[in-house]
């Protein structure tokens, strides 16, 4: 509601639409005091709701936005949406468009956020600041170019396929070092499992190939290492 109301206040500068509206939405069911970790002004929320419900034609659009539609916009606003997944899929695409990325002010953070710098890679906006920030961009081509290049850098350095793969390797290596030091080293897990009674049945030999997880038959790591359960020191 907050973002959609910008399209009513400044239709010349904002094109934020809802796919559907509930004309009976009166209770602000989702207007919690702490929304996405940020305290909300309920008066501001109520004003936005009323503006949208009074002019629904300006705030709704049932058409699906295709990826190529985004590159036609100079500025792209990312709204928090759902957080049921592990990341904001829509946002990952925006950094590569060459447009200026505007992030709605929330407490949500993703793994690459430490690389973001407000004013260099993106801008943060809310209902109170969005119009002022867009006006600023409309009159400052230098800032637009700076933010555009900064956004592209985030895509090239952090969100490219190889970048994400390298990050996952770093995470696994960090977990290995923190929790499984000496356990996940090549050749070490078999002897460790074999030394614990009953452990062999729990450690299956697994091979990862091109992103697919394949368990190679019933063979355990103990068998793969040529050891029997209880080795060494078992009676």
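For this structure, a couple of remarks:
- In region 152-177, of all residues being in contact (Cβ under 8 Å) with a residue 40 or more places away in the chain and within 15 Å of the chain's Cα centre (by Cα), the one that is surrounded by the most Cβ atoms within 10 Å (Cβ to Cβ) corresponds to 154.
- Residue in region 100-113 that is within 21 Å of residue 130 (Cβ to Cβ), buried (at least 16 other Cβ atoms within 10 Å of the Cβ) and modelled with pLDDT under 80 present: no
- Residues of region 118-142 that turn out to be assigned to a helix (DSSP H, G or I) and within 30 Å of residue 41 (Cα to Cα), as a count: 9
- When the residues of region 64-86 are filtered to those that are in contact with a helix residue (DSSP H, G or I) (Cβ under 9 Å, 6 or more places away or on another chain) and either part of a loop (DSSP other than H, G, I, E, B) or closer than 16 Å to residue 10 by Cα (or both), the one that is modelled with the lowest pLDDT is 81.
- Count of residues meeting criterion [assigned to a loop (DSSP other than H, G, I, E, B) and more than 12 Å from residue 16 (Cα to Cα)] in region 39-61: 3
- The single residue among 13, 4 that is modelled with pLDDT of 70 or more and over 25 Å from the mean Cα position of the chain (by Cα) turns out to be 13.
The values are calculated or read from the model by the stated rules, or taken from the named source; none is laboratory data. As the structure is a prediction and not an experimental result, all values here were calculated from the model. Neighbour counts are summed over all protein chains in view; Cβ atoms, including those assigned to glycine, are modelled from backbone coordinates with ideal geometry.
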